[in-house]
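Trainee: Would you mind keeping the following structure in view while I ask a few things?
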Amino acid sequence: MKIALLGYGKMGQTIERVAIQRGHDVVTRIGRNDSIEDIQKADVVIEFTALSGAVNSI
C-alpha cells in the first residue's frame, strides 16, 4: 500500500517505521512547511496533526 503521512512528528515517524517493516511504501511525508502535491500518489493518507494544521494544509 502507498501511504502519505500528514503530520510528521513522533507519531508520524513511528507509523512510517511500522509501515515499512510491514512492506508498505511511504510515498510522502508532509510536515508543517511541506507541499501536499505528492499526496495524489498515495492509496491512503494517515493524518496526525492538530486541527489547525490540517485545516491550513487544505
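The values are calculated or read from the model by the stated rules, or taken from the named source; none is laboratory data. Nothing here was measured: the structure is a model prediction, and the numbers come from that model. Please note that ligands, DNA and RNA were not included when accessible areas were found on the heavy atoms of the full protein model with its side chains. Shrake-Rupley method; radii C 1.70, N 1.55, O 1.52, S 1.80 Å.
Trainee: Would you be able to tell me the number of residues in the stretch 1-15 that are in a helix (DSSP H, G or I) and open to solvent by 20 Å² or more (accessible area, probe 1.4 Å)?
Mentor: 5
Trainee: Quick one: in the stretch 16-42, of everything that is part of a helix (DSSP H, G or I) and open to solvent by 80 Å² or more (accessible area, probe 1.4 Å), which residue is nearest to I3 (Cα to Cα)?
Mentor: K41
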